[in-house]
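The structure under discussion appears below in the form of structure tokens.
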Amino acid sequence: MSAFVLNEIRKGFYLDSVALMRLSREIASAAGVVEAALMMGTPSNQAILRNAGLLDGEVIAQGNDLILAIKAESEAAASAALAEAQKALDRPKTSSTGEAAWRPRSIAAAVKAAPAANLALISVPGEFAAAEARKALNRGLHVLMFSDNVSIADELSLKQQAREAGLLMMGPDCGTAIIGGAPLAFANRLKRGRIGIIGASGTGTQEVSCLLSEAGEGISHAIGVGGRDLKKEIGGITTLMAIDALDADPETDHVVLISKPPHPDVARAVLGRVGRSSKPYTVCFIGAAAADLPPNARFATTLREAAEKTLGNGRSIGGTFDAAAVAARLPQRRRAAQRIEGLFAGGTLCAEAQVILAAGGRKVASNAAIPGVPHFGEPEAQGRDRIVDLGADEHTQGRPHPMIDPSVRDDALRAALADPAVAVILLDLVIGYGAHANPAAHLAAVVAGRADDAPVLVASVTGTELDRQVRSAQIRLLEDAGIVVAPSNAHACDLALALSVNDVRMPRYANTQ
Amino acid sequence: MVIKQEGTPSGRLLMSKPSVVNVGLAGFVKDLRDCDIEVVQVDWTPPADGDPKMAALLAKLGT
Amino acid sequence: MKLIEDANKQALARILEGEPRLIDIVTARDVLEGLKERMILHAGPPITWDRMCGPMRGAVAGAIVFEGWAPDLEAAFELAAGGGVAFHPNHHFGAVGPMTGMTTVSMPVFVVENVKYGNRAYCAINEGLGKVMRFGGNDDSVLARLAWLRDVFGPVLARSIRAHGGIDLKAIIARGLSMGDEMHQRNLACSSVFLREIGSALARTSNDNEVLASCIGFIAQNDQFFLNIAMAMGKALTDPANGIRGSTVVTAMCRNGTDFGVRVSGLGDRWFTAPVEMPEGLYFPGYSRKDANPDMGDSAIVETVGLGGFAMAAAPAVAGFIGAGAPSSAGNFTRAMSEITVGQNPEWTIPALDFAGVPTGIDVRLVVETGLAPVINTGIAHREPGIGQVGAGVVRAPMACFRQAVLAIAEDLGVS
């Protein structure tokens, strides 16, 4: 099939990437359109468009020029789609009253307009993020940097500068923080309380904080540090400062530390600092089996365990949920499917699944592999359970994060549903601030009408009753769609295991119960 | 290295209500305002018309 | 960089601390050092005859006839094209001029002294509206008016200014801002206040009532009379801020109808140029964009000191008149310009912005970083010489000038 590619440049026209992606999807859904992308003309975006075959010959554009690229079945369809896109771009932006409101163009002007400002939330494209963070630090602002694709050298120099000034540099690639009740980026509405969280992983922090909040415990602050803070190059600069801050915080009685396994030198430094604290700690280095902990700290191998050890007194998460019993109640499956397919929006939830499935004797592989698990690219990954992090860079280049736009998962989900080798599909659903307004409804629509012998769908919902999507309402929507919902991601993994253990005759799930 | 925290800015951040400058995704602003957090949204465009070399030079010159 | 921040603070302080006084009107040859016969000073950065736009060439021809270097316009064009006159920017002689900005030996010029720093700056007398040399006019009526300014009006007004002991210009500007002037497209209030100020001295020093009446009438009928005084004041305020090493503050912006030129304090007398842009604006009935000449004049010196487009919030009526949007949006121009300036002028405040000072001290770094080019309020000349003003509008200074200046500063400071 021949495709017609049409390009147009709008000079000096900036829209944020989420707005552009929404528009791109709208245009791409028009009749006769194969693909459509509206992107700012940065070098990296141009490369993406070129690789996607969306650029027709030489395109001369700069970072603040908007590229409209349309691939269609005919020239007429392409022109119609382009006209549609132009019209959408020219739609008046929320028509306020006659007087155009002034907004500062720079951090400098914003600080002049709001002298009390003390924190910058930065989510601009990665190539510009470090410079903006530097401006914020120069003006005495703490920084939460949601942006990723920032070099480790920039991260180090920003964190060093922040440390000099006594400022918290949260991120880059920091998805979650809650400071004094303010949800920064992706976060949930939680009970306020006396547990502080330091998280190098956004969804790890969300899962633990939500499990605690739903169990009746409150959170004082959740400080994000960014996924690379505990690497050797960074040395845990922000983690150490966060420990100092929570140690001194009279509102915090207990601290939970969540990270991927740190570099050994960094682990030593951080745990040494934990040992000098007067407060009890729960440490979860997800993917590590143990760590050399000081007496005031306890180790957790999973997020669920981190929540339970923090609750203490033998209090457990998930009440009476019994994975084996739930598995036994599900109808038996005829065909000899074996594999578990995990399709995750949350990176740490993906890591936790690998930990639990591997511990349960499954052979797993992942695109975001924890230590000891092969990467998809490696030969031994063949035939293993595939645990996919759909929020990883390779899936989000030029697309929104699956927590913002759950449709990012649709294609992989449909493929897994139709795959005769897949027995169980393991899913997460993250709700709260920043997340999609109703991800459960979206998921339910995608899996509706699946075949009778389709794989079992097992999910968990990371969120709280206080979130605007309301956790229980999301669970009900999933259950109505025939998806089995577990009380936590760890429980969902247990159920996947129970459905797979030593049984060639897989339990079957019938869609029409 | 144990720092007395009360006086440091990072300690103070936890003790006061944040006041936020949002640079980037506009969606975060509404969430913060719903929580009664003051936010100034920066009408951000790529600095130096999207020229990364110029932006880096300006950063060194201290804007 | 600390060096730059300190230098900019100093540059801003020098602009703000200036004490400009109008002290005299004199013949150009007597005060412009190096100005000779067959030398024509023009607006904007340096330019040669072959690159001049229509109105500029028309004005040059008129100036040649006015000075008697050629018997008629045809011969004047020939003389100019044949290299018979030398062209120099006003700025190289401590002077400024609106639109084509012609200054030649026998023309009378305002003298503004910056008492604080002892420097002086000059600007010819505003000719009024209609067919005038600053818009390229060069017929007999234009030359006759110039002769009257030289022989009658100039000497009369000069006597009165001297008798009055000079006039403090900062105070007039401050009042003008509170009366709806921004001192580029609107000088109605300042021209009126000026006439009120000088009135009694004018009467006292004149010995001929007819002459007095014609002089008062000339000022009273020209809403833009004060513009040229404001321009000389701008030049007098910015010159002491030039030449501070490391400073990224703009000390001059000007246009010759072909190129836009920018000078930056830390880079001294160098010009950073780029092609001028076409103003966006409203046209007088019967004219349109296709009649318009690109941006022209030294008048952007008023924006350099925080007036004109930078003080738009003071003059909502101007915002509507020049097509800059709803009068209620005028404040946004001033707020935006405060993002590219080092500070505010506490003596020149704008009531509508809760008495915020006009944004002053354009920082080339901030211009390039924010992508916000300085806003200049401007008249629009017809592209053919001799027709005059056809509209008014807003024009942006070309970003390329500021990019070059940033690169030059970085090179000078060894930053790469």
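The values are calculated or read from the model by the stated rules, or taken from the named source; none is laboratory data. Small disclaimer: the values here were computed from a predicted structure and weren't measured. Backbone-built Cβ (ideal geometry, glycine too); neighbour counts: all protein chains shown. Accessible surface areas use protein heavy atoms only, side chains included; no ligands, DNA or RNA. Shrake-Rupley method; radii C 1.70, N 1.55, O 1.52, S 1.80 Å.
Of all residues assigned to segment C:163-172, at least one qualifies as being within 22 Å of the chain's Cα centre (by Cα), assigned to a helix (DSSP H, G or I) and within 20 Å of C:Gln221 (Cα to Cα). Going by the structure shown, is C:Ala174 in contact (Cβ under 8 Å) with a residue 12 or more places away in the chain, open to solvent by 30 Å² or more (accessible area, probe 1.4 Å) and outside the structural domain of C:Gly257 (by TED's automatic domain parsing)? Here the answer is yes, as C:Ala174 does meet what is asked. Looking only at residues in segment C:185-205 that are under 18 Å from C:Arg162 (Cα atoms) and among the charged types (D, E, K, R), which one is surrounded by the most Cβ atoms within 10 Å (Cβ to Cβ)? Per the criteria, the residue is C:Glu197. One residue alone among A:Ala337, A:Ala353 is open to solvent by less than 10 Å² (accessible area, probe 1.4 Å), in contact with a Pro (Cβ under 7 Å, 6 or more places away or on another chain) and in contact (Cβ under 8 Å) with a residue 12 or more places away in the chain, and that residue is A:Ala337.
Condition check ((1) surrounded by 24 or more Cβ atoms within 10 Å (Cβ to Cβ); (2) at pLDDT below 95; (3) of a type in the set (S, T, N, Q)) across all residues:
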| residue | (1), (2), (3) |
| --- | --- |
| C:Thr100 | yes, no, yes |
| C:Thr103 | yes, no, yes |
| C:Gly128 | no, yes, no |
| C:Lys131 | no, yes, no |
| C:Val142 | yes, yes, no |
| C:Phe153 | no, no, no |
| C:Leu157 | yes, no, no |
| C:Arg162 | no, no, no |
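The set of residues in segment A:453-470 being in contact with a Cys (Cβ under 8 Å, 6 or more places away or on another chain) and either surrounded by fewer than 23 Cβ atoms within 10 Å (Cβ to Cβ) or in a helix (DSSP H, G or I) (or both) is empty. For segment C:380-416, filtered to residues that are outside any strand (DSSP E or B) and of a type in the set (Lys, Arg), the residue that is nearest to the other protein chains (Cβ to nearest Cβ) is C:Arg403. A single entry from A:Gly166, A:Gly180, A:Gly216 fulfils the requirement of being among the small types (Gly, Ala, Ser), more than 14 Å from every other protein chain (Cβ to nearest Cβ) and surrounded by fewer than 21 Cβ atoms within 10 Å (Cβ to Cβ): A:Gly216. Are any of the residues in segment A:129-141 open to solvent by less than 20 Å² (accessible area, probe 1.4 Å), touching a Pro at 6+ places or on another chain (Cβ under 7 Å) and closer than 30 Å to A:Asp229 by Cβ? Looking through segment A:129-141, at least one residue is open to solvent by less than 20 Å² (accessible area, probe 1.4 Å), touching a Pro at 6+ places or on another chain (Cβ under 7 Å) and closer than 30 Å to A:Asp229 by Cβ. Return yes when A:Ser74 is more than 14 Å from chain B (Cβ to nearest Cβ), modelled with pLDDT of 90 or more and surrounded by fewer than 19 Cβ atoms within 10 Å (Cβ to Cβ) and no when it is not. Judged against the criteria, A:Ser74 is a match. For first residues located in segment C:357-376 and more than 10 Å from chain B (Cβ to nearest Cβ), partners that are polar (S, T, N, Q) and open to solvent by less than 10 Å² (accessible area, probe 1.4 Å) and lie 6+ apart or on another chain with Cβ distances below 6 Å form the pairs C:Gly357/C:Asn345; C:Val358/C:Asn345; C:Pro359/C:Thr341; C:Thr360/C:Thr341; C:Thr360/C:Asn345; C:Gly361/C:Thr341; C:Ile362/C:Thr341. Do we find that A:Ala120 is more than 7 Å from chain B (Cβ to nearest Cβ), farther than 25 Å from A:Thr310 by Cα, of a type outside the set (Ser, Thr, Tyr) and open to solvent by less than 40 Å² (accessible area, probe 1.4 Å) in this structure? Judged against the criteria, A:Ala120 is not a match. Looking only at residues of segment B:4-46 that are more than 22 Å from A:Ala101 (Cβ to Cβ) and in contact (Cβ under 8 Å) with a residue 12 or more places away in the chain, we find that the one that is surrounded by the most Cβ atoms within 10 Å (Cβ to Cβ) is B:Pro18. In segment C:279-299, of all residues being modelled with pLDDT of 90 or more and of a type in the set (Asp, Glu), the one that is surrounded by the most Cβ atoms within 10 Å (Cβ to Cβ) corresponds to C:Asp298. All conditions in (1) of a type in the set (A, V, I, L, M, F, W, C); (2) in a helix (DSSP H, G or I); (3) touching a residue at least 12 places away in the same chain (Cβ under 8 Å) hold for A:Val424, with the sole exception of (2).
For A:Asp154, state whether it is assigned to a loop (DSSP other than H, G, I, E, B) and open to solvent by 40 Å² or more (accessible area, probe 1.4 Å). Considered against the rule, which asks whether it is assigned to a loop (DSSP other than H, G, I, E, B) and open to solvent by 40 Å² or more (accessible area, probe 1.4 Å), A:Asp154 comes out as no.
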